[in-house]
1. Taking every DSSP beta bridge with both residues inside the stretch 262-406, roughly what % is antiparallel (nearest 5)?
2. Report the Stokes-Einstein translational diffusion coefficient (µm² s⁻¹, integer) for the chain, Rh taken as the Kirkwood radius over Cα pairs, at 10 °C with viscosity 1.306 mPa s.
3. Would you mind putting 192-198, 455-461, 336-342 in packing order, based on average other-beta-carbon counts within 10 Å, highest first?
4. What number do you get for the stretch 246-296 when its Cα radius of gyration is normalised by 2.2 N^0.38 Å, N = residues?
5. Taking N as the number of residues in the stretch 23-109, what value does Rg over Cα atoms divided by 2.2 N^0.38 Å take?
6. Could you sort 282-288, 257-263 so that the peptide with the highest average Cβ count within 10 Å comes first and the rest follow in order?
7. Using mean Cβ contacts within 10 Å as the protection proxy, how do 297-306, 178-187, 417-426 order, highest first?
8. Amide H of residue 191 versus every other amide H placed in the peptide plane: which residues, excluding those fewer than 5 positions away on the same chain, fall under 5 Å?
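Taken together, the values in this text are just the output of simple stated rules run on the coordinates, not laboratory data. Because the structure is a prediction, the values reported are computed rather than measured. No Cβ is skipped: glycine too gets one built from the backbone with ideal geometry, and neighbour counts run over all protein chains shown.
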Amino acid sequence: MNYVSTRGDATPRRFCEILLEGLAPDGGLYLPERYPQVDAATLARWRVLGYADLAFEILSLYIDDIRPADLRALARKTYTADVFGTPEITPLKPIGTGLWLEALSNGPTLAFKDMAMQLLGNLFEFELARRGETLNVLGATSGDTGSAAEYALRGKHGVRVFMLSPNGRMSPFQQAQMFSLQDENIHNIAIEGVFDECQDIVKAVSSDLAFKRRYRIGTVNSINWARLLAQVVYYFAGYFKATKSNDEAVSFAVPSGNFGNICAGHIARMMGLPIRQLVAATNENDVLDEFFRTGTYRVRGSAETHETSSPSMDISRASNFERFVFDLLGRDGARVRELFGTQIARDGAFSLDTAARARLPGFGFVSGRSTHADRLATIRSVFRECGVTIDPHTADGVKVAREHLQDGVPMIVLETAQPAKFAATIIEALGHEPERPPTQEGIEALPRRVTVMAADVRQIKYYIETQVE
């Protein structure tokens, strides 16, 4: 299996090469040359597998430069009850008629990002040891990616982490999870700005090929294909839990900011998983909802990016969206390069032409928007009706999922995080503190290790240089 860039660089690259690389040299994102197709017989065989073995089967369709025995061992090392709290890894629970919640936040940082990041940490360590090399991981987080990456990579041999986050814009719990880590290979950098500026810095550094190669820069953001691939697995797992036969279809509702989580669902659907709808749920930062309603993708500046009670979705430039547009446009790399490399920079927006608008419904996407008042009402109703407390991002997903329910088609909402990470909103909605795992008690009072910096690419490069050399 070879990989190509969304912006037209067709140089074939193997999985382990792009694992350590992040962005393609032309600034695009990597995708496989083709999506392997899964037939009914394969689905039937996979239906009885445990999560780790299911992960191996899916990963092995895309990874042929790691020996199968090693890849299986990595999957089994990653997806254990000790790490994720249950042998099921991603249990499913009902939260209403036809509505299900797939639990993805049982990992060490209480967020769905652990599902992919734990695997990515093990893949990095394996491949770097095999090559005898080191890697400096540069990432950006709006909340959960940072802690998931840091907990997955802390203490890993041959890896340093430089994680950018918007200063003061994450929840106190999210900040504490990251900034309390004292491991020498972890570097937290709080940027004076919004998440999109953090993400822009990561892309700018990754696009400087000379700097990237000299300082061995890699990424753990969902622009890294390996992370997206790991997320495909829980779509299959959720489908098998919600259905009895492969003749049935399901829909998935996904709280969406950077488009990585739902892009994994798009890939699962392209592989042949019977997904009826992919429901993109946004908060007040509704760039993606606007696109699926109108066909226009219009990014927002910092001043237009709202600070909300579902802060991990406070994103106005969805970097993974380029992967979907590449498929939507028939994998026309030159056109994608024009849209994302030129037109967005020049105009701040683009609109699909008539032909692309006509193809859009065939990909199964629908969307909706949720506000702070909606989140509070949804948290209250789910707690009142089911006795389940959900976090505000998951509440965005439930609210929009309810608007797109279809008779006879299970709707699976992908859980984003445990409510303990967003205590203030839970208290506002329910009048009491959410339960907190014993391992996370008092985390906000721990000493912090973080550097506050301006949103300046040159300063970030200099900081990396001083820590590496």
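1. Taking every DSSP beta bridge with both residues in the stretch 262-406, the antiparallel ones total about 40 percent.
2. Estimated via Stokes-Einstein, D reaches 72 µm²/s.
3. Listed from highest to lowest mean packing, they are 192-198, 336-342, 455-461.
4. 1.21
5. Normalised Cα radius of gyration, the stretch 23-109: 1.34.
6. Highest to lowest by the protection proxy: 257-263, 282-288.
7. Peptide ranking by packing, descending: 417-426, 178-187, 297-306.
8. Distant-sequence amide H within range of residue 191: 165, 167, 453.
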